[in-house]
Amino acid sequence: MPKQVYTKLVKKEKLLDDLYKFSVEAKEIVDIAKPGNFLEIRINENLDPFLRRPISIYNLNKEKGILEFIFQVKGKGTQLLSKKEEGDFIDIIGPLGSGTFKLEEYKNIAILGGGIGIFPLYELAKEAKQDGINVNMYIEFRNKNLVVLEKEFEEKSSKLTITTDDGSYKNSGFAIQYLERDLNENKLDAIYACGPLPMLRAAKKLAEERNIPCQLSLEEKMGCGLGVCLGCAVKTANSPVDNPQYIHVCKAGPVFDSKLVEI
Ligand SMILES: Cc1cc2nc3c(=O)[nH]c(=O)nc-3n(C[C@H](O)[C@H](O)[C@H](O)COP(=O)(O)OP(=O)(O)OC[C@H]3O[C@@H](n4cnc5c(N)ncnc54)[C@H](O)[C@@H]3O)c2cc1C
């Protein structure tokens, strides 16, 4: 059951010009949250903007009851959120989403991420490594200046592959190319992905061609985050053309078995 907390921003870090990491006290949420869950954050005391903004959980510090999330400034909501200072209070609902990442009994997994989609993958990699799973991580950035959290992801993976679209740092090209290359040499039990839609489509295709289970986190645009506005519908795979079926990312997701959704 999600909790609503009105809680203190204990640490604010600026990772890039438009990228912030917030740490808040939220033991009620931390105790029950799972990798892949997200939060709905109220931006303002007044009702402008009216809708809360969905942001993924980055890290759960279970010992201290501290919850961390990272967000990029996109528009009005995230701009205003970025103005909060340490000591300010924030109204957060979470953990949300019933579809979370499942580690099953896998021994050797691939985690693929790009853009803002890398953030929910940190807690997943952390828990997988704690469980003794071999974590092959592939993360993609547009260029060298946008590379963040390298040390953090390195610590939580067995092997980290960083790519930049323009080749300005580490490997050149798309992260999925490197995942596919490794897959030709080693068996992987599952693929987990979060990132831009073309990346998710490529991950789904690759996994289905190779018959590997694949879990995708869909960061669809979302209104209420609580299953009321129905703004985050995605089509289910193989539903009839004349009678398409939809599921809602906020309630059933954000993480889905790739075979269940048409993206
Ligand atoms: C389940 C979920 C988890 C998310 N996790 C994170 C996260 O961990 N970190 C993070 O930085 N962002 C995350 N997002 C995206 C974040 O919610 C949006 O960037 C934010 O709501 C934009 O609000 P705004 O008021 O700043 O911008 P708006 O004024 O609402 O929009 C500004 C611009 O951002 C675009 N935009 C709005 N929503 C999205 C979206 N969902 N995806 C891509 N573009 C969008 C709009 O088209 C517009 O161009 C997540 C979204 C979802 C649905």
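The values are calculated or read from the model by the stated rules, or taken from the named source; none is laboratory data. Values in this document were obtained by computation on a predicted structure and should not be read as measured data. Here the Cβ positions follow ideal geometry from the backbone for every residue, glycine too, while neighbour counts run over all protein chains shown. For accessibility, only protein heavy atoms count, side chains too; no ligands or nucleic acids. Shrake-Rupley method; radii C 1.70, N 1.55, O 1.52, S 1.80 Å.
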Computed over region 81-186, protein heavy atoms only, probe 1.4 angstrom, the accessible area per residue in square angstrom equals 45 Å²
By the rule of another cysteine's Cβ lying under 4.7 Å, the cysteines of the chain that fail to get a partner are Cys194, Cys214, Cys232, Cys250
Across 10 Å bins beginning at 0, the whole-percent shares of Cα-Cα pair distances in region 1-130 come to 12, 45, 33, 8, 1
As a Kirkwood estimate from alpha-carbon pairs, the chain has a hydrodynamic radius in angstrom of 18.8 Å
Full extension between Leu47 and Leu197 adds, at 0.36 nm per residue less the Cα distance, a length in nm of 50.9 nm
Counting only DSSP beta bridges fully inside region 15-153, the antiparallel percentage to nearest 5 is 70 percent
dims of region 9-49, Cα set, principal axes, largest to smallest, nearest Å -> 30, 28, 20
For the pair Lys84 and Asp131, the simple spin-label estimate (label points 7 Å beyond Cα toward Cβ) gives in nm 3.0 nm
Any aspartates and glutamates whose Cα falls less than 14 Å from that of Lys259, other than same-chain ones fewer than 8 residues away, would be Glu208, Glu209
With label points set 7 Å from each Cα along the Cα-to-Cβ direction at Lys159 and Asp17, the distance between them in nm comes to 3.6 nm
Rounded to a whole %, the carbon-and-sulfur portion of the accessible area of the chain at a 1.4 Å probe is 49 percent
Projecting the Cα atoms of Asn61, Asn44, Leu9 onto the charge dipole of region 3-96, where Lys and Arg contribute +1 and Asp and Glu -1 at Cβ, the residue farthest towards the positive end is Asn61
Given a Förster distance of 51 Å, the FRET efficiency implied by the Cβ-Cβ spacing of Tyr169 and Asn238, rounded to the nearest 0.05, works out to 0.80
Computed from the beta carbon distance with a Förster radius of 45 Å, FRET efficiency for Lys64 and Arg181 to the nearest 0.05 stands at 0.70
Rounded to two decimals, the Debye log10 I(q)/I(0) of region 108-216 (Cα scatterers, no solvent) at q = 0.15, 0.16, 0.24 Å⁻¹ is -0.54, -0.62, -1.45
Using alpha carbon centers only, region 153-193 is separated from region 234-255 by a whole-angstrom value of 29 Å
Here, Asp91 and Met1, labelled 7 Å along Cα→Cβ, have an inter-label distance in nm of 2.0 nm
Rounded to the nearest 10 degrees, the helix 197-210 long axis (Cα) sits at an angle to the longest Cα principal axis of the chain of 40 degrees
Of the listed links Lys3/Lys129; Lys102/Lys129; Lys3/Lys62; Lys156/Lys205; Lys74/Lys170, those spanning more than 22 angstrom between alpha carbons are Lys3/Lys129; Lys156/Lys205; Lys74/Lys170
Distance in Å, no decimals, from the C-alpha centre of region 196-217 to the one of region 19-89 is 28 Å
Computed from the beta carbon distance with a Förster radius of 41 Å, FRET efficiency for Asn108 and Cys224 to the nearest 0.05 stands at 0.60
